[in-house]
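The values are calculated or read from the model by the stated rules, or taken from the named source; none is laboratory data. Because the structure is a prediction, the values reported are computed rather than measured. Neighbour counts are summed over all protein chains in view; Cβ atoms, including those assigned to glycine, are modelled from backbone coordinates with ideal geometry.
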Amino acid sequence: MLAASFDRLRAVVLPAAFGAGLLLAWQAVVVLFDYPKVILPAPSDIALALHADLPVIWQQAIPTVRDTLAGFALAAVLGVGLASLLSFSRLLRDALYPLIVVIQLVPKIAWTPLFIVWVGIGWQSRLTVATFIAFFPIFIAMMAGLDSTDRSLVRLCRGLTATPWRTFWLVRLPASMPYLFSGLKIAITLAVIGVIVAEFISSSEGLGFLILKSAALLRTDLILASITVLCVIGLASYGLVHAGELAVRRWQGG
């Protein structure tokens, strides 16, 4: 019990101590070598910018968070739904799976201008890009999870005359949960990236837009403050997915 508590404490203290050490070293380098603020602001300058411009950052963070969560949710529905559908039909899987893989081989950012042409320059393009980027890891993870189901359990269900849907719901879906949450953890971070990329290319709101605007004004401190908020958003989103995984594990009795 004591060893487990120490391991949990160690997992928190070590990264925090290492991060604090990096910030102190960064501050010392900037002060000692007198770097211009526009080139390399000190952590204290970033903190001041974060405090002074917090209303603006908060205002721009809202659409970024909204589009990220919406794109992630839509990608989860599409990824889980399509993977589940293909698991019921070998013919459909052989027809669609190679096409999905080929589409994903094209760099994601190359699709962004096309999405903007199709759906416009507003929130629709950001939602589309986030969904498109987050879809593939969820889909692949769900497919792998469904394929990893113990075949003996599936044969047992068939022997007990269970319907394919009942077998899927009671056996295959629970067995795929560890794989699915691995894909969801990757997808939530990619959804943030997708929204920021879309905001870089064409947007009048969001943290990506604020970063570009700050770069034009040579506000390096505000750029890094916005990136700091993005890190917090990414960590919080990842934490929500991890919390969901723990809840599902407890529900399954794991």
Inset, instruction - Would you check if Ala17 is at pLDDT 85 or above, surrounded by 11 or more Cβ atoms within 10 Å (Cβ to Cβ), of a type in the set (Gly, Ala, Ser) and part of a helix (DSSP H, G or I)? - result: no
Inset, instruction - Search the stretch 220-243 for residues being in contact with a helix residue (DSSP H, G or I) (Cβ under 7 Å, 6 or more places away or on another chain) and among the small types (Gly, Ala, Ser), and hand back the single one that is surrounded by the fewest Cβ atoms within 10 Å (Cβ to Cβ). - result: Gly234
Legend entry - Cβ-Cβ under 6 Å pairs, at least 6 apart or on other chains, the stretch 38-53 side under 18 Å from Ile211 (Cβ atoms), far side surrounded by 15 or more Cβ atoms within 10 Å (Cβ to Cβ) and small (Gly, Ala, Ser): Ile46/Ala225; Ala49/Ala225; Leu50/Ala225
Legend entry - Selection status of Ser237, polar (S, T, N, Q), at pLDDT 90 or above and under 19 Å from the mean Cα position of the chain (by Cα): yes
Legend entry - Failed item, numbered, when Ile223 is tested on (1) at pLDDT 90 or above; (2) at positive phi: (2)
Inset, instruction - Filter the stretch 60-112 down to the residues that are farther than 30 Å from Leu50 by Cβ and of a type in the set (S, T, N, Q), then identify the one that is nearest to the chain's Cα centre (by Cα). - result: Gln104
Inset, instruction - Can you give me the ranges of the helices (runs of 4 or more DSSP H) entirely in the stretch 120-192 with at least 1 residues that are modelled with pLDDT of 85 or more, crowded, with 19+ Cβ neighbours inside 10 Å and among the small types (Gly, Ala, Ser)? - result: 123-147
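Can you find a residue in the stretch 199-219 that is in a helix (DSSP H, G or I), within 14 Å of Phe72 (Cβ to Cβ) and either in contact with a helix residue (DSSP H, G or I) (Cβ under 7 Å, 6 or more places away or on another chain) or not charged (D, E, K, R) (or both)?
Looking only at the stretch 199-219, we keep the residues that are in a helix (DSSP H, G or I), and these are 199-201, 207-216.
Remaining after also requiring within 14 Å of Phe72 (Cβ to Cβ): none.
No, there is no match, as no residue in the stretch 199-219 is in a helix (DSSP H, G or I), within 14 Å of Phe72 (Cβ to Cβ) and either in contact with a helix residue (DSSP H, G or I) (Cβ under 7 Å, 6 or more places away or on another chain) or not charged (D, E, K, R) (or both).
Here are Val195, Val154: which of them is in contact with a helix residue (DSSP H, G or I) (Cβ under 7 Å, 6 or more places away or on another chain) and more than 30 Å from Trp123 (Cβ to Cβ)?
Working: Val195 fails: more than 30 Å from Trp123 (Cβ to Cβ).
When all the criteria are applied, what remains is Val154.
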Inset, instruction - Determine the pairs where a residue that is under 17 Å from Phe88 (Cβ atoms), located within the stretch 154-166, has a partner that is in a helix (DSSP H, G or I) and of a type in the set (A, V, I, L, M) with Cβ atoms under 8 Å apart, the partner being 6 or more residues away or on another chain. - result: Val154/Val171; Cys157/Leu170; Cys157/Val171; Ala162/Leu170
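Would you call Val195 in a helix (DSSP H, G or I), at pLDDT 90 or above and surrounded by fewer than 18 Cβ atoms within 10 Å (Cβ to Cβ)? I'd like the intermediate steps shown before the answer.
On the way: in a helix (DSSP H, G or I): yes; at pLDDT 90 or above: yes; surrounded by fewer than 18 Cβ atoms within 10 Å (Cβ to Cβ): no.
Criteria not met by Val195.
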Inset, instruction - Of the conditions (1) crowded, with 16+ Cβ neighbours inside 10 Å; (2) modelled with pLDDT under 90; (3) in contact with a Phe, Trp or Tyr (Cβ under 7 Å, 6 or more places away or on another chain), Gly208 clears all except one; give me its number. - result: (2)
